[in-house]
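Let me begin by presenting the structure, written as structure tokens, before commenting on it.
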Amino acid sequence: MKSPLLSLPGAVPAEGRDEGVAAHYGDLFREQRALADGRGMVDLSHRGVVTVTGDDRLSWLHLLLTQHVSDLPAGRATEALILSANGHIEHALYLVDDGTTVWAHVEPGTREALLAYLESMKFFYRVEIADRTADTAVVHLPAGSIAQVPDGVVVRETAYGRDLFLPRADLESFAGDSGPPAGILAYEALRIEGRRPRLGFETDHRTIPHELGWIGTAVHLQKGCYRGQETVARVHNLGKPPRRLVFLHLDGSEVHLPGPGAPVRLAADGEEGRQLGFVTTSGRHHELGPIALALVKRNVPVDAALLAGDTAAAQETVVEP
């Protein structure tokens with residue numbers, strides 16, 4: 001769904017999974033600095049929006065999700081995953097309950113499969129599932145923002161900002177009142193800095209939650225059964241995940257950034273060395289310079305100098321080996 005904010009001066013469309021919103025509005029670093037200072041807003045209207053209503057909504061979702069939501073207080077934000085039977089991540093949901101409805105936003109391109117799965121699991125529970133993407137746009141306000149939230153808008157508040165479930169018809173007027181807008185590249189650079197994984201970026205078909213640090217934030221270890229729980233419990237209690245997420249400081253003298261999928265190797269082995277992982281997301285930060293997240297094998301030494309593609313990289317631990 002193409003955002004009307006792409007018609008704003010300087011807007012450059014994003015590509016790939018974030019197609020439909022602006023990559024930036026002409027000045028990436030200015031936009032980042034504004035967000036870091038608690039100013040501006042980010043158009044996330046390309047994300048899917050799903051709601052669940054009905055008396056059984058929380059107890060029913062509790063059976064399906066990795067998060068403990070049966071007693072979720074109204075207004076408290078949380079995040080949760082849906083796993084395969086083998087414990088691999090299939091969906092990531094960013095949730096809040098407003099007292100009568102659970103609102104969730106999800107990655108672009110995932111809502112149809114999510115809706116189909118949720119519908120297949122309704123059985124006799126008193127729940128109604130709806131796709132609200134056509135009439136609701138997600139907007140992000142950074143931490144510290146003093147922008148006025150319109151009456152009646154559902155807010156999901158986190159440590160790094162507020163996600164608003166805004167009527168799509170109000171998106172342009174809200175941007176005019178709450179700007180300057182920042183593009184998705186600025187938002188992503190701050191996400192990388194925050195070491196926050198993203199479905200479809202830090203995940204592939206075999207990713208389990210332990211590899212990305214989602215245990216505790218999106219996976220609750222003391223709750224009842226859900227699909228994939230056996231893998232979660234077994235790895236947590238008896239073993240270690242095969243891979244781990246790392247944060248990379250990239251060589252700032254390079255003009256290009258290693259893109260998603262770029263191989264990660266030991267710097268000592270050079271570009272012909274054995275691949276030990278891959279870059280998941282990279283970006284340019286207004287203070288840190290070029291940075292990235294990567295998935296590497298668990299046994300890669302935490303102090304090893306790395307190569308991301310052909311770019312020298314120093315790692316910081318996100319998930320302990």
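The values are calculated or read from the model by the stated rules, or taken from the named source; none is laboratory data. In this text the structure is predicted, and so the values were computed from the model without any measurement. Neighbour counts run over all protein chains shown; Cβ positions are idealised from the backbone, glycine included. Note: accessible area is taken over every heavy atom of the protein model, side chains too, but ligands, DNA and RNA are not part of it. Shrake-Rupley method; radii C 1.70, N 1.55, O 1.52, S 1.80 Å.
Things to note:
- Test for residue 109: is it modelled with pLDDT of 95 or more, out of contact with any helix residue (DSSP H, G or I) (no Cβ under 9 Å at 6 or more places or on another chain) and loosely packed, with under 15 Cβ neighbours inside 10 Å: no
- Meets criteria (modelled with pLDDT under 95, open to solvent by less than 30 Å² (accessible area, probe 1.4 Å) and either under 20 Å from residue 199 (Cα atoms) or not aromatic (Phe, Trp, Tyr) (or both)) for residue 178: yes
- Selection count where residues are open to solvent by 10 Å² or more (accessible area, probe 1.4 Å) and either of a type in the set (Gly, Ala, Ser) or without any contact (Cβ under 8 Å) to a residue 12 or more places away in the chain (or both), scope the range 143-174: 9
- Residue in the range 21-31 that is modelled with pLDDT of 95 or more, touching a Ser or Thr at 6+ places or on another chain (Cβ under 9 Å) and open to solvent by less than 10 Å² (accessible area, probe 1.4 Å) present: yes
- Options 238, 288; residue that is within 30 Å of residue 34 (Cβ to Cβ) and of a type outside the set (Ser, Thr, Tyr): 288
- Selection status of residue 76, among the basic types (Lys, Arg), more than 22 Å from residue 171 (Cα to Cα), open to solvent by 60 Å² or more (accessible area, probe 1.4 Å) and modelled with pLDDT of 95 or more: yes
- Tally of residues being among the β-branched types (Val, Ile, Thr) and more than 21 Å from the chain's Cα centre (by Cα) across the range 50-76: 1
Here is a yes/no grid of residues against (1) of a type in the set (S, T, N, Q); (2) more than 30 Å from residue 179 (Cβ to Cβ); (3) in a strand (DSSP E or B); (4) touching a Pro at 6+ places or on another chain (Cβ under 6 Å):
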{"residue": "114", "(1), (2), (3), (4)": "no, yes, no, no"}
{"residue": "117", "(1), (2), (3), (4)": "no, yes, no, no"}
{"residue": "122", "(1), (2), (3), (4)": "no, yes, no, no"}
{"residue": "125", "(1), (2), (3), (4)": "no, yes, no, no"}
{"residue": "133", "(1), (2), (3), (4)": "yes, no, no, no"}
{"residue": "138", "(1), (2), (3), (4)": "no, no, yes, no"}
{"residue": "147", "(1), (2), (3), (4)": "no, no, no, no"}
{"residue": "157", "(1), (2), (3), (4)": "no, no, yes, no"}
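- Subset tally (residues that are in a helix (DSSP H, G or I), open to solvent by 10 Å² or more (accessible area, probe 1.4 Å) and either modelled with pLDDT under 95 or not acidic (Asp, Glu) (or both)) for the range 192-219: 1
Listed here are the residues, each with its yes/no results for (1) without any contact (Cβ under 8 Å) to a residue 40 or more places away in the chain; (2) at positive phi; (3) touching a Ser or Thr at 6+ places or on another chain (Cβ under 9 Å); (4) of a type in the set (Val, Ile, Thr).
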site	(1), (2), (3), (4)
263	no, no, no, no
273	yes, no, no, no
285	no, no, no, no
290	no, no, yes, no
296	no, no, no, yes
302	yes, no, yes, yes
315	no, no, no, no
321	no, no, no, no
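- Cross-chain or 6+ apart pairs with Cβ under 8 Å, the range 194-218 first and more than 23 Å from residue 230 (Cβ to Cβ) and among the aromatic types (Phe, Trp, Tyr), then open to solvent by less than 20 Å² (accessible area, probe 1.4 Å) and at pLDDT 95 or above: 201/280; 201/281; 201/293
- Output for the range 112-142, where each listed residue is over 24 Å from residue 38 (Cα atoms) and open to solvent by less than 20 Å² (accessible area, probe 1.4 Å): 114, 118, 127, 133
- Cβ-Cβ contacts under 6 Å between residues 6 or more apart (or on different chains), taken from a first residue in the range 90-106 that is over 19 Å from residue 45 (Cβ atoms) to a second residue that is of a type in the set (Gly, Ala, Ser) and buried (at least 22 other Cβ atoms within 10 Å of the Cβ), are absent.
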